[in-house]
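Here is the structure we will look at, set down as structure tokens.
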Amino acid sequence: MGWTGKILRVNLTNGSVQSEPLNMEWAQQYLGQRGLASKYLVEEVDAKCDPLGPDNKMIFATGPLTGTCASTGGRYSVITKGPLTNAIACSNSGGYFGAELKFAGWDMIIVEGKSPKPVYLRVADDTVELLDASEIWGTSVWHTDEWIKSKHQDPMMHVATIGVAGENGVLYSAIVNDLHRAAGRSGVGTVMGSKNLKAVAVRGTKGVKVRDGKAFMKATNDGKKVLAENAVTGSGLPTFGTQVLMNAINEAGAMPTRNSREVQFEGAHDISAEAMATPRKSDGQKNLQTNQACFACTIACGRISKIDEKHFTVVNKPQYWHSSGGLEYEAAWALGSNTGVNDLEALTYVNFICNEQALDPISFGATVSAAMELYELGLLTKEQTGGIELTFGSAEALVKCVELTGKAEGFGKELGLGSARLCAKYGRPDLSMTVKGQEFPAYDARGIQGMGLTYATSNRGACHLRSYTVASEMLGIPEKTDPLVTDGKPALVIAFQDATAAVDSSGLCVFTTFAWTLNDIAPQVDAACEGNWTPEKMAEVGARIWNMERMFNHRAGFTAKDDQLPPRLMKEAAKTGPAAGLVSGVDKMLPEYYQLRGWTADGVPTNETLSRLAV
Amino acid sequence: MLKALVIDAGKCTGCKQCEMACSLENEGEFNVAKSRIRVFDFHTEARFVPYTCTQCAEAWCQQACPVNAITTDSMGVKIVHDNLCVGCKVCTIACPFGTVNYNASTGKVIKCDLCGGKPACSDACPTGAITFQDAEQGGFDKMKVWAAQSANAATHEGPNTPKASQASGSGH
């Protein structure tokens, strides 16, 4: 148990919906969520397909612990071929949607084909219907959520939807559920838009059962105790959110600033967790109103913020005066240090718009940052930006950009391409801080060497959530390594990649791993699920998933050439901070990484490796 | 001692561990739709509020029930007897707080019965937003907070002695 054992298959082309049993043999090999849905995708979708064509599929997948009382057991992922990268995409979200899908009796929804007209999918236990979305097409996430709940007279529904960005083909469109939780990266929302699927609305009244209730309560209670007693998950994250990192990473000289020209941002403190919790000079109120937990989460790192009503971004716009999802570290970095903007209220507003229109704030901020550099170099003119004075540090420019991008109006259309395509278009592909077409997040590969290898080898393009070696290199979790050296990092990255792939397949949040290892997680999975889930089995499942994803990308046409970082990180040394004088040593780490992975020197998994892991 | 669930919404994060503990205790599975306690998400106000039966002394639900299926135990808890309940839902209409609800899968109504004196929700709450306390002292913590605020606001002007007017007035 843990799994419901049922999959919902929805064909948008012919409007059919059907229930089918979950492949339990695959569940033993891939667990659930990221791993199991990727297995379905790999088996059913041609790796060479057009990600925005009808042949691509998208899978909303829960894990076996989703919808249980295991701490953070509320996650779901969206798995598809991503349009930003053309690689396998898997974006993970919290909130309440994932658990609700499980309560409706489904482990996953496989969405196929393309609807002839805009529709939304309503799932209420076994009642499944595709309904006309013409009244909500062209409207925001927040409006769609309200409209669907009101239409069905059911405020208990949970809605995952695209905003206008996904409809307009912005290549880094997200899927937002519960108003401000997002399956954010790689353009999973763009795929949804290409299928004319506006939203998935779920209501469930069935239960989730576990294999051994007594053992499950013991394992999950033990786990909650570990989280509560840990400094990061018990205190740092609930109090400050992920923004607890802003000042620390800046001091470590690992904060990509102004399109990675620098590694420290002089305005970091102005946009930090501490700033969010300090009463504003303007109105005496704090930006941060409270913290929020996702379903079943005993950490509660989510930020709920309120913008100063007199701030230029929202003056005369009362629709933005209420509280909503505030800045997480990645968003504060992407929208802030990376663009040189230190106006906390402006960043909060831009983050609100990213939620309302369902944009990935990391890719959006990084794309604006690249555009700012092109503008300052004179490669983009004021005429081309439609009159926007696109200089680093301009909050006004950043705000104009976000208001145009989701709507794909004016220069927003260019920004919607993402940094790689934008920089290529204006003749400087080297200025795009991306790997496999995806913008990298808030850790500089010169100041935290393991993150360089993490970005280079991530199967969904540059990403911090595939192997968060920051935990080891900065915070000493599970043990301290030196962020400035490359020695030992390939093995460290591999261990993080495999463990994370397993966690992402369980229904739990990867943030638990600040405190938990697989030794804490495996007993919870094992008490819920048949199959003797040991930490060793979890790690092996993680390695199997990693290699399976890599093979999908290999078939899609990716080679070792796509495992490279932008030349800036390889050639321009960090100017300040502890990493001053250093470039990324990713070229030194890659051969060892391939070897330890059991791949050829060209980065292809050998037959021996694939058969050892039964991929 | 009569005990009651005391809810401090300011401490709630909206994690719904209480709903899961409740459904596990009462339904044998994780199923928040069947929980007797509900957390409401006032997203735009940055508030999360758990809400459940207050065990009224003179309970509307009990008085409205036409078949006397709701009784009061020695601890003042209003208990629905499934063998008597006919699923007429009159109690759900009578309850002014909406905390008695119909369960379509059993055809009976469900409400909080304080888990027989050891509420699973308060045990499961990770932040102390739901506690099980002496019903007569439920306001104690709030009184203390307000008293402390008054104490901070008060100016302290040396030893507290009886006011002169009172002192001089005495004996007349």
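When you look at A:Ala296, is it crowded, with 22+ Cβ neighbours inside 10 Å, assigned to a loop (DSSP other than H, G, I, E, B) and touching a residue at least 24 places away in the same chain (Cβ under 8 Å), yes or no?
yes
Of the conditions (1) away from chain A (no Cβ under 14 Å); (2) surrounded by 11 or more Cβ atoms within 10 Å (Cβ to Cβ); (3) at pLDDT below 95, B:Cys115 satisfies every one except a single condition; which number is it?
The number of the failed condition is (3).
Looking only at the range B:27-66, which residues are crowded, with 16+ Cβ neighbours inside 10 Å, within 14 Å of chain A (Cβ to nearest Cβ) and in a helix (DSSP H, G or I)?
Passing the criteria: B:Glu27, B:Val32, B:Ala33, B:Lys34, B:His43.
Being within 15 Å of A:Ser584 (Cα to Cα) and touching a residue at least 12 places away in the same chain (Cβ under 8 Å) is the filter; apply it to the range A:476-490 and report the residue that is surrounded by the most Cβ atoms within 10 Å (Cβ to Cβ).
Within the range A:476-490, the match that is surrounded by the most Cβ atoms within 10 Å (Cβ to Cβ) is A:Lys489.
When you check A:Ser115 against the structure, is it over 16 Å from A:Gly187 (Cβ atoms) and either of a type in the set (Gly, Ala, Ser) or without any contact (Cβ under 8 Å) to a residue 24 or more places away in the chain (or both), yes or no?
Answer is yes for this residue.
Which condition from (1) over 25 Å from the mean Cα position of the chain (by Cα); (2) not assigned by TED's automatic domain parsing to the domain that holds A:Gly365 is the one that A:Thr278 breaks?
(2)
Among the residues of the range A:300-317, count how many are closer than 28 Å to A:Val226 by Cα and either more than 24 Å from the chain's Cα centre (by Cα) or at the interface with chain B (Cβ under 9 Å from one of its Cβ atoms) (or both).
The number of residues fulfilling the criteria is 3.
Is it the case that A:Asn221 is part of a loop (DSSP other than H, G, I, E, B) and either at pLDDT 95 or above or of a type in the set (Asp, Glu) (or both)?
no
Would you be able to say whether some residue in the range A:134-144 is away from chain B (no Cβ under 14 Å) and aliphatic (A, V, I, L, M)?
Within the range A:134-144 (the criterion being away from chain B (no Cβ under 14 Å) and aliphatic (A, V, I, L, M)), the answer is yes, since at least one residue qualifies.
Return the only residue of A:Ala346, A:Ala408, A:Ala424 being assigned to a helix (DSSP H, G or I) and farther than 20 Å from A:Glu328 by Cα.
Just one listed residue meets the conditions, A:Ala424.
Restricting to the range A:357-382, what's the tally of residues that are in a loop (DSSP other than H, G, I, E, B) and in contact with a Leu (Cβ under 7 Å, 6 or more places away or on another chain)?
Final tally of qualifying residues: 1.
Among the listed residues A:Ala501, A:Ala495, identify the single one that is in the same structural domain as A:Gly581 (by TED's automatic domain parsing), within 16 Å of the chain's Cα centre (by Cα) and either buried (at least 24 other Cβ atoms within 10 Å of the Cβ) or assigned to a helix (DSSP H, G or I) (or both).
Only one candidate qualifies: A:Ala501.
Tell me which residues, restricted to the range A:148-171, are more than 26 Å from the chain's Cα centre (by Cα) and surrounded by 21 or more Cβ atoms within 10 Å (Cβ to Cβ).
Within the range A:148-171, none qualify.
Tally the residues that are within 7 Å of another protein chain (Cβ to nearest Cβ) and either closer than 12 Å to B:Ala124 by Cβ or surrounded by fewer than 24 Cβ atoms within 10 Å (Cβ to Cβ) (or both), restricting the search to the range B:11-22.
5
Go through (1) over 25 Å from A:Val399 (Cβ atoms); (2) surrounded by fewer than 18 Cβ atoms within 10 Å (Cβ to Cβ); (3) within 14 Å of chain B (Cβ to nearest Cβ) and name the single condition A:Ala231 misses.
Going through the list (1) over 25 Å from A:Val399 (Cβ atoms); (2) surrounded by fewer than 18 Cβ atoms within 10 Å (Cβ to Cβ); (3) within 14 Å of chain B (Cβ to nearest Cβ), A:Ala231 breaks only (3).
List the pairs whose first member sits in the range A:239-260 and is part of a helix (DSSP H, G or I), whose second member is β-branched (Val, Ile, Thr), and whose Cβ atoms are under 7 Å apart, counting only residues at least 6 apart or on separate chains?
What qualifies is A:Met246/A:Ile271.
The values are calculated or read from the model by the stated rules, or taken from the named source; none is laboratory data. A quick note: this is a predicted structure, and the numbers were derived from the prediction, not measured. Cβ atoms come from the backbone with ideal geometry, glycine included; neighbour counts cover every protein chain shown.
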